[in-house]
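No lab work stands behind these numbers, since they all come straight from the coordinates. Only a predicted model underlies this, so the values are computations on that prediction, with no experimental measurement involved. Because the Cβ atoms are built from the backbone with ideal geometry, glycine has one as well, and the counts that use them run over all protein chains shown.
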Amino acid sequence: EIFVVDDFRVDIEKHVNRLYEIVKEAYEETKDKISFWDLVFDPRPKIVARTFLYILFLANMGKVEIIQEEPFGEIYILPIEALKGN
Amino acid sequence: MPYIEKLEMKGFKSYGNRKVVIPFSKGFTAIVGANGSGKSNVGDAMLFVLGGLSAKAMRATRISDLIFAGTKKEPPAKYAEVTLYFNNEDRGFPIDEDEVVITRRVYLDGRSIYKLNGKRTSRSDILDLLSAAMISPEGYNLVLQGDITKFIKMSPTERRLIIDEISGIAEYDEKKKRAMEELKQAEENLARVDLLISEVKKQLDKLEKERNDALRYLDLKERLEKAKVTLLVGEIKKLERLINESEKKEAELQSKESEIEKRLSGIAKEIVETEKELQRVEATLESESGEELLELTRKMSEVQSKIEVAKRNIELAKKEIEDSRFRMAKAKDELKKVSEEIERSKGAIERWKKRREKLIAQIQEKEKERNELVVKLGEIDKNFTIAKQEFDKTTDELENLKRQYYQKENDITKFNENIERLQVRISQLKAKKLSLKNKIQELKVKIEEKKEEQSKIENSMQRGESKLRKLEKEIEEKQRELQKITAELESAKKELIKLEARQEAQGSKNRAIEALKRSGIRGIHGALGELIKVVDEKYLTAVDVALGSHFDNLVVEDDKVAEEAIKFLKRNKLGRLTFLPLNKIKPRKAPSVGGGIPAIELVEYNPRYENAVSFALGDTLVVEDMNEARRIGIGKARMVTLGGELLERSGAIVGGHYRPRQRISIGNIEEVRAKVQALETQKESMESILNALKVEHRGLERELFELRVKKSDVSKDLEVLQKDMMRLLGEDKLASEEIEESEKLIEELKKRIKDTKGEMAKLEGRIERLEKKKEKLRKALDNPEARELNQKIREVEHELTKLKEELSKVESKLESLDIRINEELIPRRADLEEEIEGLANKINAFKQSITKNEEDIEVLGKELQKLQEEESKLKEDVKGLRDKREKLKTKLISLREEKDKLREELQKLGIEANTLKIQVAQYNAKLQELNRELKHHDVKLVKEIPLDLEKLRDEIDEMEEEIKRLEPVNMKAIEDYEVVETRYLELKSKREKLEAEKDSIVEFIDEIESQKKSVFMATLNAIAENFSKLFAKLSPGGEAKLKLENEEDPFSGGLEIEAKPAGKEVKRIEAMSGGEKALTALAFVFAIQHYKPAPFYLFDEIDAHLDDANVKRVADLIKEGSQTSQFIVITLRDVMMANADKIIGVSMREGISRVVSLSLEKAMEYIEKARQKNALGL
């Protein structure tokens, strides 16, 4: 069986880590929770979806906290380290 | 259409103790998150609340496993509860509320409770409600993780059931069920009526038979009377007609007889004439074909042999001429040589004579000289003179002897030459003899052969002649035999005709016996009367009377046969018979009184029937008349007179006019018929034997004739050969004689040589002696004084001797030449001349002979031709005569045949006339009887008399039998039948009504079936079309279709999927890759959705095995489908997510799943705004 292995799958860890770095940098800058939209650099739905998925991965890995007040409401991200630090 | 607005979970699986709300909306919602974060638990929760019973479907061991099990930080839940909020604004659920809320809670003990809009309810109510909105926990719209291939794996029938459900054919099944119940009821009613009908029918059938019998009986009675009268009248008419006809026929027969007799006398005359003619022809044929032809052939062969001899003579003469010519040439040659030699010799003689003259002259001269010298010497010594004289004498003598010696030498040479010549001749002759001997040998062999052939032919002729004589004798014998057989046959035929006529006159036989004989029962021998034969015609009446009724007693093998026969008679109503079983029947004792002849001695029969015959006739005596009976004593024995009076032992006497039944045979007709047949066969075979013999005879005659001709040929050949032989033997003898003569001559010559040689030896001795004497003399002459003279004399004498020697040589030569000429050459020449003349004469003679022979041949040839012509003419004559003979013979045969036929016919006619007379008498008696009987009947009944009275009689018999069979007759049946028939018809019409009812139900069921099928097919066709289109869309270049296993009856089979992904051969669906299977399954799901969309679809990781391009195609389809239905898709693929309207993100923190929701529509709007802001800001 031949799988078409796209770069997303292969580099998922790399991408997730890079996103984490970005999240951390953003937090270092503002010392505040980060809006999801600030992490979306490309408005194509595919990129939005991908970014959303990486955030979920990070949350699952216990690296970030996702905060949402109401359904479909604003999504904020906080690195767990910052929480621990506080 | 209703759709899910939100899902609430509490204590469900990984979602912890707190209430978690997942918002949904119309359109496409994706649920995403890392593996193990609890994505699929969302699907499980939906299944759970929709009433799913299978824990396994929700990926749990027990249903209670769905309850949150707790973590390190949180305690486990007491129960799990899921609530699903449906939007019901369009009233998809049959409830008058805008929102339908379904809750299910499960406790640790596995107990479930359900609530509908906050009120407790039962699972089945929930399921009913859901199914009204086309939702079910097992529905095809719910595709769980790894479950996408279920559409592939399910059986074709399961797949078809999906289509059944979608097409909504269940209502037809319900209708059908009700109709079937009605049908069953109708069939039961029908069965009840059938039972009644069959009862009544039985009754009716019985009555019908009885009624028919009664009607038939009445009818038969009437018809019988009519038929009987008709028969009587018909028989009377027939008899009258028969009498009339017979009389007419009699007259006809008489005229025919006289006609035939006339014709017969004509034929007899013709036969006599033809035979005379035949004899004449045969005589001519005999003389012509035999002697004349033979004589002719002999002459011809004689002439031919003469010609042969003449030809051979010519040949011989030619050979002789050639031979003579050769010899003449040789003789002429020799003659020429001899003549030349003579000439030459004569020349030589001339020359030698001259030489002699010269020598003589010289000698004379020398003698003179010597004489002078001698004279001188003589003067010296006288003695010397004497000696000298002596010496001279001796010298002369010596010379003479020497000449003689030379002569002899010459002679020997001549003799030897002669011998040689003779020897050559002998060897020539011997060679000739050898060749002659060979020829003679050959000839002898040929002669032997011919002689052998001749003797063989003679032997064959002898054999042929003796065979011919034997054949002639045999033919004569066979002809005598044939005549005998013909005579016998004639008499047998006469007898047969008589017997047949009598049999004819006897009329009908016992019907019962005839029927039994035909029945095929084994062991029936026949009526006693048929089995016996009266020895003499004069006892016929007596035996007939004595037999009485025993005549018809049937003789059978044993009592079992009798029993079987009796059964047969009963069965066929053929009356009664008496049977005489051979194993049981006892003979009667012969009466012990004097006089009369026992009746049993007057009949002939097969000894097997002894007892049966004795039973009938054993106690009866035949007597001359009543007087004789009285003498013996009436009452002492059963007696019958020749006149037919019967005197019973009881003393009863029966008598009066007796018309003999003439049924007993005097001879057995079958025997006579067999005899006639046997004789005919014998006659035929005899005739064919005779024919064969005649053919053989003719063949032998021809063979003999050919042999005679051959014999004369052979003897002619032999004659010629023997003549040749004689000639050759003559030649051989001549050669032998010549050889003998030549050998004698050689002997003689050899003797002469020997004699001559002896004489020569004598001469030599004398010469020697003389030489010595001469030497002595010469010495004596030696005188010193005279020496000189002597020397001279010696010299002279020496010369003289030399000369004289030469002279003597010359003379001898001359003499020999002379002898050669006179004694040899001249006679030889004369011989040769004579021979040549002789040869010339011979040649002439032979030439004449040739001419003569040729003339002879010509004459003979003409003669032969004449003879041949004569022969062919003769042969033609013979052939003509033979043809004529054959024609005459054929004519004779046909005449004789005609004669025989006419005679036979005449005989037959005579018998026929007799028979006719008897018949007419019988007819008249019968006519009177019938007329008497007719008076008892009503003649008016007769309307028409049928032609076939026999048939009428049979009909009467049949009718009587039938009447007997019909009795007793139930006359009341005629009325009873009508009553029962009415009842029967009523029941019948009732049954028809019921039947019509049943038919209409069956028709209704058929209609339902066809409607069901058409609805199903419409659905299936639409879905199948969608499927093919969608598959092509999902797998560009690929092809797929749905196919019924049974096109005729879709419900008896399942639904197959046939798929061919792009660029691949048609694949069995099991052999496809996971991705291909998923695409096929999705095409199927969407095909249904396009036809009849479900309210919502839940897909869990259907895209796991697809590449991005395929995921994109699927996602597009989902997007398109989400216009009509709600789609909830659990996925990990960004391509899929990107197509969603809303994304629910699931993540897990410390064992608890958490939910974040993102509206991509809103996100897009937001991002757009932010970009615009940024752009302005920049």
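Antiparallel versus total DSSP beta bridges in the range B:533-663: what percent is that, nearest 5?
In the range B:533-663, approximately 50 percent of DSSP beta bridges are antiparallel ones.
Using Stokes-Einstein with the Kirkwood hydrodynamic radius over Cα pairs, what translational diffusion coefficient do you get for the range B:78-152 at 37 °C and a viscosity of 0.692 mPa s, in µm²/s rounded to a whole number?
In µm²/s, the coefficient rounds to 237.
I need the per residue convex hull volume for the range B:446-548, using only the alpha carbons, in cubic angstrom as a whole number.
Once divided by residue count, the hull of the range B:446-548 is 222 Å³.
Can you say what percent of the DSSP beta bridges in the protein assembly as shown, counting only those with both residues inside, are antiparallel? Round to 5.
Taking every DSSP beta bridge within the protein assembly as shown, about 70 percent pair in antiparallel fashion.
Each residue of the range B:419-435 in order: what ³J(HN,Hα) in whole Hz does its phi give by Karplus 6.51 cos²θ - 1.76 cosθ + 1.60, θ = phi - 60°, with x for Gly and Pro?
4, 4, 4, 5, 4, 4, 4, 4, 5, 4, 5, 4, 4, 4, 4, 4, 5
Under the Karplus relation 6.51 cos²θ - 1.76 cosθ + 1.60, θ = phi - 60°, what is the ordered set of whole-Hz ³J(HN,Hα) values for the range B:362-372, x standing for Gly and Pro?
Karplus-based 3J(HN,Hα) across the range B:362-372 equals 4, 4, 4, 4, 5, 5, 4, 4, 5, 4, 4 Hz.
Once you keep just the Cα pairs under 8 angstrom separated by 6 or more residues, what percentage relative contact order results for chain B?
27 percent
Rank these for me by crowding, B:ARG160, B:ARG882, going from fewest to most other beta carbons within 10 Å.
By the 10 Å Cβ count, ascending: B:ARG882, B:ARG160.
Within a 10 angstrom radius of the beta carbon, how do B:LYS201, B:LYS319 rank from fewest other beta carbons to most?
B:LYS319, B:LYS201
For A:LYS63, list long-range residues whose amide hydrogen, built 1.01 Å from N in the peptide plane, is under 5 Å from its own amide hydrogen.
Those qualifying (amide H under 5 Å, at least 5 residues apart or on another chain) number zero.
Between the DSSP loop rule and a limit of at most 14 other Cβ atoms within 10 Å, which GluC sites (Glu not before Pro) in the range B:118-172 are left?
Counting only loop positions with at most 14 other Cβ atoms within 10 Å, the GluC sites (Glu not before Pro) in the range B:118-172 are B:GLU138.
Round to the nearest 10 and give me the degree value, 0 to 90, for the angle of helix B:949-966's Cα axis relative to the longest principal axis of chain B.
Once rounded, one gets 40 degrees.
Where does the range A:7-85 land on the Kirkwood hydrodynamic radius, alpha-carbon pairs, in angstrom?
Its Kirkwood hydrodynamic radius stands at 12.8 Å.
Run the reach check for B:LYS470 against lysines, Cα to Cα strictly under 17 Å, same-chain hits fewer than 8 apart removed. What comes back?
List returned: B:LYS478, B:LYS694.
How far is helix B:123-132 tilted, in degrees, relative to the longest principal axis of the Cα atoms in chain B, given as a value from 0 to 90 rounded to the nearest 10?
Compared with the principal axis, the helix lies near 70 degrees.
Assign unit charges at the C-beta atoms only (+1 for Lys and Arg, -1 for Asp and Glu), then state the dipole size of chain B relative to its Cα centre in Debye, rounded to the nearest 20.
3220 debye
So what are the ³J(HN,Hα) numbers for the range B:1049-1062, from phi and the Karplus equation (6.51, -1.76, 1.60; θ = phi - 60°), rounded to whole Hz, Gly and Pro as x?
So the J values, rounded to whole Hz, are 10, x, 7, 8, x, x, 10, 9, 10, 10, 10, 9, x, 4.
Just to confirm the number: angle between the C-alpha axis of helix B:559-571 and the first principal axis of chain B, 0 to 90 degrees, nearest 10?
The angle comes out near 50 degrees.
What is the magnitude of the charge dipole of the range A:7-85 about its Cα centre, with +1 placed on the Cβ of each Lys and Arg, -1 on the Cβ of each Asp and Glu, and no other charges, expressed in debye to the nearest 20?
Roughly 300 debye, rounded to the nearest 20.
For the range B:282-413, what D do you get in µm² per second when you plug the Kirkwood radius from alpha-carbon pairs into Stokes-Einstein at 25 °C and 0.890 mPa s?
D, rounded to a whole number, is 102 µm²/s.
Can you pull a Stokes-Einstein diffusion coefficient for the range B:713-819 at 37 °C (0.692 mPa s), Rh from Kirkwood over Cα pairs, as a whole number of µm²/s?
It diffuses with D of about 160 µm²/s by this estimate.
Report the local net charge at B:ALA1087: Lys and Arg +1, Asp and Glu -1, summed over other residues whose C-beta lies under 12 Å from its C-beta.
Taking every Cβ under 12 Å from that of B:ALA1087, the sum is +4.
What is the Cα radius of gyration of the range B:1029-1092 over 2.2 N^0.38 Å, N being its residue count?
1.15
Give me the one-decimal Kirkwood hydrodynamic radius in Å for the range B:533-663, with the sum taken over alpha-carbon pairs.
After inverting the pairwise mean of 1/r, the radius is 15.6 Å.
In peptide A:68-78, what is the residue-averaged number of other protein chain Cβ atoms found within 10 Å of each Cβ?
Mean shielding by partner chains, rounded to a whole number: 4.
If you place +1 on the Cβ of every Lys and Arg, -1 on the Cβ of every Asp and Glu, and leave all else neutral, what size is the dipole of the protein assembly as shown about its Cα centre, to the nearest 20 Debye?
So the dipole magnitude of the protein assembly as shown works out to roughly 2980 debye.
For a quick check: with amide H placed at 1.01 Å from N, whose amide H comes under 5 Å from B:PHE579's, ignoring anything fewer than 5 positions away on the same chain?
Residues meeting the amide H criterion: B:LEU554.
Can you find, among B:LEU803, B:MET9, A:MET61, the residue farthest towards the positive end of the dipole of the protein assembly as shown? Put +1 on the C-beta of Lys and Arg, -1 on that of Asp and Glu.
B:LEU803
Residue by residue through B:1089-1097, how many Cβ atoms from other chains fall within 10 Å of the Cβ on average?
0
If R0 is 22 Å, what FRET efficiency do you get for B:ALA1062 and B:LYS1119 from their C-beta distance, rounded to 0.05?
0.45
Calculated FRET efficiency, B:GLU981 and B:GLU1045, Cβ-Cβ r, R0 45 Å, to nearest 0.05?
Once rounded, the FRET efficiency stands at 0.20.
For each of B:THR395, B:THR157, count neighbouring Cβ atoms within 10 Å of the residue's Cβ, then give the residues from fewest to most.
With the sparsest Cβ surroundings first, the list reads B:THR157, B:THR395.
I'd like the Kirkwood hydrodynamic radius of the range B:22-102, using the inverse of the mean 1/r over distinct C-alpha pairs, in Å.
Evaluated on the range B:22-102, it is 14.9 Å.
For every helix of n ≥ 4 consecutive DSSP H residues, a contribution of -39,500 (n - 2.57) applies; sum these over chain B, divide by its total residues, and give [θ] at 222 nm rounded to the nearest 500 deg cm²/dmol.
-25500 deg cm²/dmol
Please give, to one decimal in nm, the separation of the simple spin-label points placed at B:SER592 and A:ILE47, each 7 Å out from Cα toward the Cβ.
Simple spin-label model gives 16.0 nm for this pair.
Could you work out the per residue convex hull volume over the alpha carbons of chain B, in cubic angstrom?
Roughly 786 Å³ of hull volume per residue.
Between B:PHE28 and residues 5 or more places away or on another chain, which pairs have amide H atoms under 5 Å apart, with H built 1.01 Å from N, and which residues are they?
Hits under the 5 Å cutoff: B:PHE1127, B:ASP1141, B:LYS1142.
Put a dot 7 Å past each Cα toward the Cβ at B:GLN389 and B:ARG241; how far apart are the dots in nm?
Modelled inter-label distance: 18.1 nm.
Using only Cα atoms, what is the ratio of the radius of gyration of the range B:1092-1178 to 2.2 N^0.38 Å?
Dividing the Cα radius of gyration by 2.2 N^0.38 Å gives 1.33.
Once you treat every alpha carbon in the protein assembly as shown as an equal point and sum by Debye, what is log10 I(q)/I(0) at q = 0.07 Å⁻¹?
-0.99
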